[in-house]
């Protein structure tokens, strides 16, 4: 078992009235300390905690909704206290802040653009009222007992080329496309991406940024992927119950509404290619492209969901097909739903991946 712990602290701030209310719930022995001051009328958060802690800052403008919280920043403490300026806060409006911190061993330092996801529970799958849902999307309660870091972006062609020395992507100079290494790497099979994770783990161990045992880079499990994709939402997509042309990189000629199904749009955008990572709206926890661009490999073998509630599910136990999630550039909108399940055992130019860093 890892000795890593996590903590939570919330600071409630009313910019409009100038009243400061603070409070928190400690979920670890050493919770973070969160305070506020203003620099030229810009909110400046001061976060104190153990050096090397990973911090995720979230904000809300209205605490009444169940999906009120939005991602603001993610960073690792290199000194304490650390200061963060919220330059996007609108003058004269109320804003609320909270910070999640993961107490990491001194020799655990995630690579850039990794988002900390706290443990928690959610309903996995889709309701029977969601149009065009699959029969294998049965709703069931899932508890994830351990937090994890997940890539804010799909692994890019640059990331893959730098580590492995090759770029297998179809959407590259391998074919007729121009060089753009900020596109996600595609045309990688499940064994390719798990090998990438193993190489990355070994590189980070050799560099002293991971211990020799206890922490690894890997693919997300299917439940981790859906939990992170939903980011607290219960709708068909993390931005609501509709996916319209231009909202993500998918086949925009086939849009979707959760009450009626496919909506044909003959003038919808269909790019016929991947786009650089981060081009479309992130979800509330700061993850990009969990809807469209490329389908994403998960760790799990494909299999039926278990009956009833489950803790830390690991997927099927037989077969050769692995789970794919998220939809791709060539997919109709229905295949980009948060609960949509696809499975495969072959390499394709509409498939890529993102990574997780977690304790064993």
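The values are calculated or read from the model by the stated rules, or taken from the named source; none is laboratory data. All figures in this text were calculated on a predicted structure; none of them were measured in a lab. Please note: Cβ atoms are built from the backbone with ideal geometry, for glycine as well, and neighbour counts cover all protein chains shown.
Observations, loosely collected:
- Selection within region 83-102 - surrounded by fewer than 20 Cβ atoms within 10 Å (Cβ to Cβ), under 22 Å from the mean Cα position of the chain (by Cα) and modelled with pLDDT under 80: 88
Quick grid of which residues meet (1) in contact (Cβ under 8 Å) with a residue 24 or more places away in the chain; (2) part of a loop (DSSP other than H, G, I, E, B):
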{"residue": "38", "(1), (2)": "no, no"}
{"residue": "47", "(1), (2)": "yes, no"}
{"residue": "50", "(1), (2)": "yes, yes"}
{"residue": "67", "(1), (2)": "yes, yes"}
{"residue": "73", "(1), (2)": "no, no"}
{"residue": "79", "(1), (2)": "yes, yes"}
{"residue": "87", "(1), (2)": "yes, yes"}
{"residue": "100", "(1), (2)": "yes, no"}
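- In region 326-348, residue farthest from the chain's Cα centre (by Cα) [restricted to those that are over 13 Å from residue 134 (Cα atoms) and surrounded by 24 or more Cβ atoms within 10 Å (Cβ to Cβ)]: 333
Listed here are the residues, each with its yes/no results for (1) in a loop (DSSP other than H, G, I, E, B); (2) touching a strand residue (DSSP E or B) at 6+ places or on another chain (Cβ under 9 Å); (3) not assigned by TED's automatic domain parsing to the domain that holds residue 213.
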| position | (1), (2), (3) |
| --- | --- |
| 266 | yes, no, no |
| 269 | yes, no, no |
| 272 | yes, no, no |
| 286 | yes, yes, no |
| 298 | no, yes, no |
| 316 | yes, yes, no |
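- Odd one out for residue 171, checked against (1) exposed (fewer than 15 other Cβ atoms within 10 Å of the Cβ); (2) outside any helix (DSSP H, G or I): (1)
- Residue selected from region 187-213 under the condition under 29 Å from residue 52 (Cα atoms) and in contact with a strand residue (DSSP E or B) (Cβ under 6 Å, 6 or more places away or on another chain), by the criterion surrounded by the most Cβ atoms within 10 Å (Cβ to Cβ): 193
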